[in-house]
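Working notes, beginning with the structure itself.
Every read-out reported here was derived from the displayed coordinates using simple, explicitly stated rules and does not represent laboratory data. Please read all numbers here as calculations on a predicted model, not as lab measurements. Quick reminder, even Gly has a Cβ in these numbers, built from the backbone with ideal geometry, and neighbours come from all protein chains shown.
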2 protein chains.
Amino acid sequence: MAETARHPEPRYGNRPTMKDVAARAGVGLKTVSRVVNSEPGVTPDTERRVQEAIDALGFRRNDSARVLRKGRTASIGLVLEDLADPFYGPLSRAVEEVARAHGALLINGSSAEDPEREQELVLALCARRVDGLIVIPAGDDHRYLEQEIKAGIATVFVDRPGRIDADMVLSDSFGGARQGVAHLIAHGHRRIGFIGDQPRIHTATERLRGYHAAMTDAGITVEDSWVSLGSTDPDRVRLAAETMLSAPEPVTALFSGNNRVTVTAVRVLAGRERPVALVGFDDIELADLLGITVISQDAAAVGRTAAEHLFRRLDGADHAPARVELPTRLIPRGSGELRPS
Amino acid sequence: MAETARHPEPRYGNRPTMKDVAARAGVGLKTVSRVVNSEPGVTPDTERRVQEAIDALGFRRNDSARVLRKGRTASIGLVLEDLADPFYGPLSRAVEEVARAHGALLINGSSAEDPEREQELVLALCARRVDGLIVIPAGDDHRYLEQEIKAGIATVFVDRPGRIDADMVLSDSFGGARQGVAHLIAHGHRRIGFIGDQPRIHTATERLRGYHAAMTDAGITVEDSWVSLGSTDPDRVRLAAETMLSAPEPVTALFSGNNRVTVTAVRVLAGRERPVALVGFDDIELADLLGITVISQDAAAVGRTAAEHLFRRLDGADHAPARVELPTRLIPRGSGELRPS
């Protein structure tokens, strides 16, 4: 921002106040307040003088005072599905940055992957007068939201599609998984295992669809025992991986359907003598140092795009609901380039 | 819960309703509503019959309907300092689990390490009628909260102390850092670098104090060039580490003051020929596979303890503010056991 460039960020407790602005401009406090709040009753000349004082001092309106006075600020709500999933960290922060740039607060909550909790949280946020909602849906019935949307609450679904007509911003789960599995096939693998999240989760089935597409493209018939969908609990994933790896004709490569699965898969493979190739969906911190090949989605871009759509709606955009699908990226780092042993 | 053991969790959309309870108990809907909401006007015998029907059907009161009707639910607020810091993931989830066990929703927000933003968010949550607040303070002036606390909003500070009289739950930053640095000294190091977060952050200075205590215990005089506090931005940390490692008499070991610093330190050290010992404060995902020795704080226990304190206050506990300090744990994995080269 130009303001930041011109003035060093004022220190907390030492910020210029409206009183400082009034003194510098040689006007009364009420006049400064009128200019700051765009109220009428100020001559153009006085307004210019106040504006110059504001610029010179680096004054910013104190939103906290406004909260106290009016009992509310502009705000949007974000409903995540798991507070502890690192994928949502950069996504949330990106949403927050866009919200902040629009002068709005972000309020988060988590459905903990429970459709009823999602509904409860969404309605609680609506009751707390958020202007808009970004929802990572846990449930697949969002009719409860239709009334809120009619009442003017803008809504964008993110990461997974919602089941009502609203904007949605997703990553290309199908295309990303297809590319990752094709990468393993290109390195000589045919017996490739897929371990993914629960089948009621849209991204899980999309990535499985990508796996099947890549296998079909290569003329490989997938055996039932190569595919395991379920919770991302480490014990479940470990058992699934070890079962595939200990079969009479074991898989020679694994495709893991998300970051939670990959973390456990890496641990399982680290304990084995025979190298097994691995490509994981989602990048993970320190995966570069461990040489883990991944299909990376840009979580920050997903969050940013969703928030920008939301604020466009709040600014009055009334075009038909948009569906945005952001591309993923293959990052080869070693584990996905191992040949079958 | 006993209820869950007796009844399989009812599927979403297929849950028993008050109408089902009324039919089974042979009473009217209003009677069921009275029992569920603990309203008067029901005979003990009827109440028992309704209760039996509730138990038999596995009926749970629909909180979403209550939100719609009353415009609010029980809720608490959590103010984090950085949505993308993985340390806060398990902490937030633990708070959420305790909140849920108490029938309350959790609403989060982030101060983005900005004291003014913290105040704005806290007041916005208060204006939205949360019953209590858990705050990871960014600022060091919380007088703005005194009025809210007087108005009945229970408050617990977590991770860092707040500057007003309220419950606080912290990790033993001083003791943990002291133990980690003593561990390096025990492995033969004397020239040990400390790279930490910004000095206005309580945990950063506490960990630096622990570093100095361990060095003093061992009779080592710390050189100025061995200590670097500042932002956890990767470029800043990289420069600090490389400066210490390239000095005429370089450090032989590093103590990194938090998870963000450790991640960059690991990358810097991975690129160097001569091995340098490293102990990091905070555990990191996959650190076990990379052999990174850490001082681990139990983020989930910190969150859980804070939430339990908050609900005890909400239940009426009026003892003097408590200060709880949870122990940390040294996890040796290799990087902290390297000897000076």
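What whole-number distance in Å separates the alpha-carbon centres of the stretch B:263-341 and the stretch B:208-244?
18 Å
For chain B, what is the largest minus smallest coordinate of the Cα atoms on each principal axis, given in angstrom and ordered from greatest to least?
87, 43, 33
About the Cα centre of the stretch A:250-302, how large is the charge dipole given +1 on each Lys and Arg Cβ and -1 on each Asp and Glu Cβ? Please answer in debye to the nearest 20.
Dipole size: approximately 320 debye.
Under the definition of Cα pairs under 8 Å and six or more residues apart, what whole-number percent is the relative contact order of the stretch B:119-244?
In percent, rounded to a whole number, it is 19.
For q = 0.05, 0.11 Å⁻¹, what log10 I(q)/I(0) does the protein assembly as shown give under the Debye formula with an equal point scatterer on each alpha carbon and no solvent?
Ignoring solvent entirely, the Cα scatterers give -0.28, -1.29.
Note down the net charge around B:Arg312, summing +1 for each Lys or Arg and -1 for each Asp or Glu among other residues with Cβ under 14 Å from its Cβ.
Surrounding charge for B:Arg312 is -3.
For B:Val324, what residues show an amide H to amide H distance below 5 Å, using hydrogens built from the backbone and excluding near sequence neighbours?
B:Met168, B:Val169, B:Leu170
Any idea which of A:Gly291, A:Ala277, A:Ser341 is furthest toward the positive side of the dipole for the stretch A:270-341, if Lys and Arg beta-carbons carry +1 and Asp and Glu beta-carbons -1?
Farthest along the dipole direction, towards plus: A:Ser341.
Return the calculated 222 nm mean residue ellipticity for chain B, to the nearest 500 deg cm²/dmol, obtained by summing -39500 (n - 2.57) across DSSP H runs with n ≥ 4 and dividing by the residue count.
For chain B, the value works out to -13000 deg cm²/dmol.
Give me the distance between the Cα centres of the stretch A:151-187 and the stretch B:78-96, rounded to whole Å.
Centre-to-centre distance over Cα atoms comes out at 25 Å.
Is the C-alpha gyration tensor of the stretch B:122-213 telling us rounded, prolate or oblate? Criteria: a/c under 1.5 is rounded; beyond that, a/b larger than b/c is prolate, otherwise oblate.
prolate
Taking 2.2 N^0.38 Å as the expected size of a compact globular protein, what ratio does the Cα radius of gyration of the stretch B:243-341 give against it, to two decimals? Don't skip to the answer; put the middle values down first.
Details: Rg = 18.5 Å, N = 99, 2.2 N^0.38 = 12.6 Å.
Scaled against compact globular proteins, the figure is 1.46.
Skipping prolines and chain starts, which residues have an amide H placed within reach, meaning under 5 Å, of the one on A:Asn108, given they are 5 or more residues away or on another chain?
A:Leu78, B:Asn108, B:Gly109
For the stretch B:311-321, in order, what is each residue's ³J(HN,Hα) by Karplus, 6.51 cos²θ - 1.76 cosθ + 1.60 with θ = phi - 60°, in whole Hz (x at glycine and Pro)?
Taking θ as phi minus 60°, the curve returns 6, 5, 4, 5, 7, x, 4, 10, 5, 4, x Hz for the stretch B:311-321.
What angle, in degrees between 0 and 90 and rounded to the nearest 10, separates the Cα long axis of helix A:88-101 from the longest principal axis of the Cα atoms of chain A?
20 degrees
Can you run phi through the Karplus equation (6.51, -1.76, 1.60; θ = phi - 60°) for the stretch B:288-300 and list ³J(HN,Hα) in whole Hz, with x for Gly and Pro?
Once θ is set to phi - 60°, the couplings for the stretch B:288-300 become 4, 6, 8, x, 8, 6, 9, 9, 9, 9, 8, 4, 5 Hz.
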